[in-house]
Amino acid sequence: MRDASKPAVALVESREVSRRRFLKQGSALLAAGVAVGFRLPDARANEASGGAASTNATNEFEPNAWVRVLPDDTIKLVVHKHDSGTGTRTALAAIVAEELDVDPFAVDVITPENPFYAVYIHPLWKVFSTGGSTSVSLEYDRLRMAGATARAMLVAAAANQWNVPAASCSTASGYVEHAPSGRRANYGSLAEAAARVPVPSAIALKDPAQFRYIGKLRKKRGAAQKAAGTFQYSIDVDLPGMLVAVITRAPVIDARVRSVDSSNALKLPGVRSVIEIPGRPDVLGGNQAGVAILADDYWSAHQGQAALQIEWDDSLFESFNSDALAAHQAAWLDSPAAHVVPTIQSGDAKAAWTHPARVIEASYSMPYKAQSPMEPVNVTAWASKDAIAYWGGIQVPSTAQEAAEVIGGFKGDQVTVHELVSGGSFGARESKYWLLEVTYLAVKTGKPVKLMNSRETEMVRCFITRLRTIARRRRSTRTAASPRCNCAPSRRLRRSNGSRVISIARIAWTTAPPRPSMRASSRTAHRIWTLAGCVMKRASRRVGIGRSATSPMCSRSSRSSMKLLTSASETRCCSAWLACTTSLATRRS
Amino acid sequence: MIEIIVNDERHTLDNVPEDMPLLWVLRDRLKLTGTKFGCGGGFCGACTVHLDGNAMRSCVLPVAAVAGHRITTIEGLSKTGEHPLQRAWVEEDVPQCGYCQPGQLMSAAAFLDGKPEVNDETISAAMSGNVCRCGTYARIRRAIKRAAPELLSSKKEA
């Protein structure tokens, strides 16, 4: 990896750069009305947005967190969302480019120098995160504003230089033009002057009728490199002296390692060490106990893993059973205690309920399943005493930050994330366990460590999309079509006089009283479901419900399918879910 | 010591276990990372390479078994990424996450090499071993059809 050849240095540089960057822009963004209502999660974000103005030594024009114009006319647009094949690097850059008036394919698209800059916080989840199909919808206004602000400042710089009114200037594909005098200047030549222009207080956005790129792009970035096999994915990271790690994880949730015989494994060529990783049930979304093999390459690690002899302790979760959980969930749907969660709503839902023309009700269930992105989850980390860097498809940078702090005691400004495109996520990269694990190994070894999941470990012993049962009521006068998935309607139909579709969901991870007849292990499991249910419920109230990228029914009925939009909350409570799911997966295997 | 020929280049491999799959020799030893790891079991096709012109799953191919054979990876499909299939892949905007696409392309190239009848059925049959989680199959089919005339006619001349 070219950008990875000197990670420690790059790490320091990028911190320096980020310290310098945005300091003056923090206030500029606020003035432009771009950054509103962002909670600062850590000292680093505070520092980045709240410090005093500083000199920009590179003469770059950096009006905000998304636009960079260099004096040599290089234009860089920052995409702060993970691209797992979803096209964020095309779409988000195009939104900025539209308002900036540059060809989105003629600019560089980069990831943030400092991904922990406050304006990159997810507006709903309040963490640094990508997911839930929210990137375009929730960033759209801010990104247009960012591009338009930069454009206005470039125009002002040109108008000053030419001594003409800004209103008489126009822009086209990276140039400011003054038609009456025939003058023309590329953005790069204006960068230095634009950086000294006061941020305008009011910004005019383009008339959507004049859009050239938004809604019109039919190509994605990177297609040629992807077809040539030169595109860099998370799994392609290669650092000097890097070890490859594979982990054998607890076969049953909460099981600890009783003993490890690594003598045979250590005899194999290429195998360097065996490291026990303690489980972190204390961390929500924490990893299970595991034993890691570190080797020179994947195959050696894989062979070493097969030669390990691990004895696991018993666990209360041994009798955990998905059928029982599914039955519970189904029963909870009919319980008066079930929590009704409104989903996509339009019109007057309350009024519509009193005289519904028609009510369609159905129950949906989804089993536990592995997300199975084509590229198995992997990540590389390299820790020194006072800094740690990650390379990978890190969909939720906050999880890397948390892992660095929990495992290595690193503070926010000691963490660097090199964000790479991944070969799919489907929910797999929202999890946290792998970042905790790789941090542990990086800290233990002091060497770059690439942690790799195999396909089989992803199938049986990892973060798996949870089992859930959903009853959905959907009212409409327009359509009486029955749901198109294999679920039987479970409730009577009522008539609705509303003209719009209103959906109400009952979701079966709500609390329900434990049955006295439950065995101890079941009671533990029940507590966990209940705990998870509570967390999810609270989270759902706060953030609402959206559609799921992982649900098979979603592809067919996108807006009406549901998933709690709780990437952050989900991560927080997924140790509990993980407990259920992993145990289950193991039993099935 | 094992000798293999990858993209017309001869490599002498020391300290490589005979049972090491070709995939890991390519990726971890020769640093040819265009060939992807998907499942390790020959099920998904992400690791597809050509062995003497035939599409093979490199993740289940012990390196000792391919000693002396001619191996082509995605990096060797063309010098500049301008193979007719690669051009068609770009023109049809096939890749989404793109992770499976090197394997898809290698399977498609081997398929067209055999001068087949090109229609939906034959494409499906030839490409059925390559999984795409993003679901780009329709565009893959279009891209193969787009590239087919050029590749088939050049074959006949040769």
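A few notes on this one:
- Subset of region B:17-40 that is of a type in the set (A, V, I, L, M, F, W, C), within 9 Å of chain A (Cβ to nearest Cβ) and more than 21 Å from B:Gln86 (Cα to Cα) - its residue that is surrounded by the fewest Cβ atoms within 10 Å (Cβ to Cβ): B:Cys39
- Here A:Val252, A:Val199 are screened, and the one residue that is assigned to a loop (DSSP other than H, G, I, E, B), more than 10 Å from chain B (Cβ to nearest Cβ) and either on the phi > 0 side of the Ramachandran plot or within 29 Å of the chain's Cα centre (by Cα) (or both) is A:Val252.
- Selection count where residues are part of a helix (DSSP H, G or I) and either buried (at least 24 other Cβ atoms within 10 Å of the Cβ) or of a type outside the set (A, V, I, L, M, F, W, C) (or both), scope region A:399-435: 18
- Within region A:271-290, being within 16 Å of A:Gln303 (Cβ to Cβ) and touching a Gly at 6+ places or on another chain (Cβ under 8 Å) holds for A:Val271, A:Val274.
- Test: B:His83 is under 23 Å from B:Arg141 (Cβ atoms), within 11 Å of chain A (Cβ to nearest Cβ) and either of a type outside the set (A, V, I, L, M, F, W, C) or under 15 Å from the mean Cα position of the chain (by Cα) (or both): yes
- For region A:205-212, the condition holds for no residue, the condition being that it is of a type in the set (Gly, Ala, Ser), surrounded by fewer than 20 Cβ atoms within 10 Å (Cβ to Cβ) and within 30 Å of B:Thr35 (Cα to Cα).
- Residue match in region A:353-370 (condition: farther than 24 Å from A:Gly290 by Cβ, of a type in the set (Ser, Thr, Tyr) and out of contact with any helix residue (DSSP H, G or I) (no Cβ under 9 Å at 6 or more places or on another chain)): yes
- Residue within region A:266-284 that is under 22 Å from A:Val379 (Cβ atoms), among the hydroxyl-bearing types (Ser, Thr, Tyr), touching a strand residue (DSSP E or B) at 6+ places or on another chain (Cβ under 6 Å) and not in a helix (DSSP H, G or I) present: yes
- Scanning region A:295-318 for residues that are in a strand (DSSP E or B) and more than 14 Å from chain B (Cβ to nearest Cβ) yields A:Gln309, A:Ile310, A:Glu311, A:Trp312.
- All of B:Thr80, B:Thr33, B:Thr12 fail the test of being among the polar types (S, T, N, Q) and within 20 Å of A:Ser234 (Cβ to Cβ), apart from B:Thr33.
- Options A:Lys220, A:Lys226; residue that is touching a Gly at 6+ places or on another chain (Cβ under 7 Å), within 14 Å of chain B (Cβ to nearest Cβ) and free of Cβ contacts under 8 Å to residues at least 24 places away in the same chain: A:Lys226
Residue-by-condition table, conditions (1) of a type outside the set (Phe, Trp, Tyr); (2) at pLDDT below 95; (3) under 30 Å from A:Glu405 (Cα atoms):
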{"position": "A:Gly286", "(1), (2), (3)": "yes, yes, yes"}
{"position": "A:Ala295", "(1), (2), (3)": "yes, no, yes"}
{"position": "A:Ala306", "(1), (2), (3)": "yes, no, no"}
{"position": "A:Glu318", "(1), (2), (3)": "yes, yes, no"}
{"position": "A:Asp323", "(1), (2), (3)": "yes, yes, no"}
{"position": "A:His328", "(1), (2), (3)": "yes, yes, no"}
{"position": "A:Ala331", "(1), (2), (3)": "yes, yes, no"}
{"position": "A:Asp334", "(1), (2), (3)": "yes, yes, no"}
{"position": "A:Ala337", "(1), (2), (3)": "yes, yes, no"}
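- When region B:108-130 is filtered for residues that are out of contact with any helix residue (DSSP H, G or I) (no Cβ under 6 Å at 6 or more places or on another chain) and surrounded by fewer than 19 Cβ atoms within 10 Å (Cβ to Cβ), the ones remaining, listed by number, are B:Asp113, B:Gly114, B:Glu117, B:Asn119, B:Asp120, B:Glu121, B:Thr122, B:Ser124, B:Ala125, B:Ser128, B:Gly129.
- Test: residue in region B:150-158 that is within 13 Å of chain A (Cβ to nearest Cβ), out of contact with any Lys or Arg (no Cβ under 6 Å at 6 or more places or on another chain) and touching a residue at least 24 places away in the same chain (Cβ under 8 Å): no
- Some residue of region B:113-122 being within 10 Å of chain A (Cβ to nearest Cβ) and assigned to a helix (DSSP H, G or I): no
Matching residues to (1) within 14 Å of another protein chain (Cβ to nearest Cβ); (2) in a loop (DSSP other than H, G, I, E, B); (3) within 27 Å of A:Val67 (Cα to Cα):
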| residue | (1), (2), (3) |
| --- | --- |
| A:Ser189 | no, no, yes |
| A:Ile203 | no, yes, yes |
| A:Lys206 | no, yes, yes |
| A:Leu239 | yes, yes, no |
| A:Asn264 | no, no, no |
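- Filter pass, A:Ala383 being within 14 Å of the chain's Cα centre (by Cα) and either of a type outside the set (A, V, I, L, M, F, W, C) or crowded, with 24+ Cβ neighbours inside 10 Å (or both): no
- When A:Ala150 is tested against (1) modelled with pLDDT under 95; (2) within 32 Å of the chain's Cα centre (by Cα), just one condition goes unmet, and that condition is (1).
- A:Asp108 being modelled with pLDDT of 95 or more and on the phi > 0 side of the Ramachandran plot: no
- Any hit, region B:45-53, residues being more than 10 Å from every other protein chain (Cβ to nearest Cβ), in contact (Cβ under 8 Å) with a residue 60 or more places away in the chain and surrounded by fewer than 23 Cβ atoms within 10 Å (Cβ to Cβ): yes
- Restricting attention to region B:86-107, the residues being at the interface with chain A (Cβ under 7 Å from one of its Cβ atoms), assigned to a helix (DSSP H, G or I), buried (at least 24 other Cβ atoms within 10 Å of the Cβ) and free of Cβ contacts under 8 Å to residues at least 60 places away in the same chain number 4.
- Entirely in region A:65-148, the strands (runs of 3 or more DSSP E) that have 1 or more residues that are closer than 16 Å to A:Asn186 by Cα and out of contact with any Lys or Arg (no Cβ under 6 Å at 6 or more places or on another chain): A:67-69, A:75-78
The values are calculated or read from the model by the stated rules, or taken from the named source; none is laboratory data. Just so we're clear, the structure is a prediction, and the values are computed from it rather than from any experiment. Heads up, the Cβs are rebuilt from the backbone with ideal geometry, glycines too, and the neighbour counts pull from every protein chain shown.
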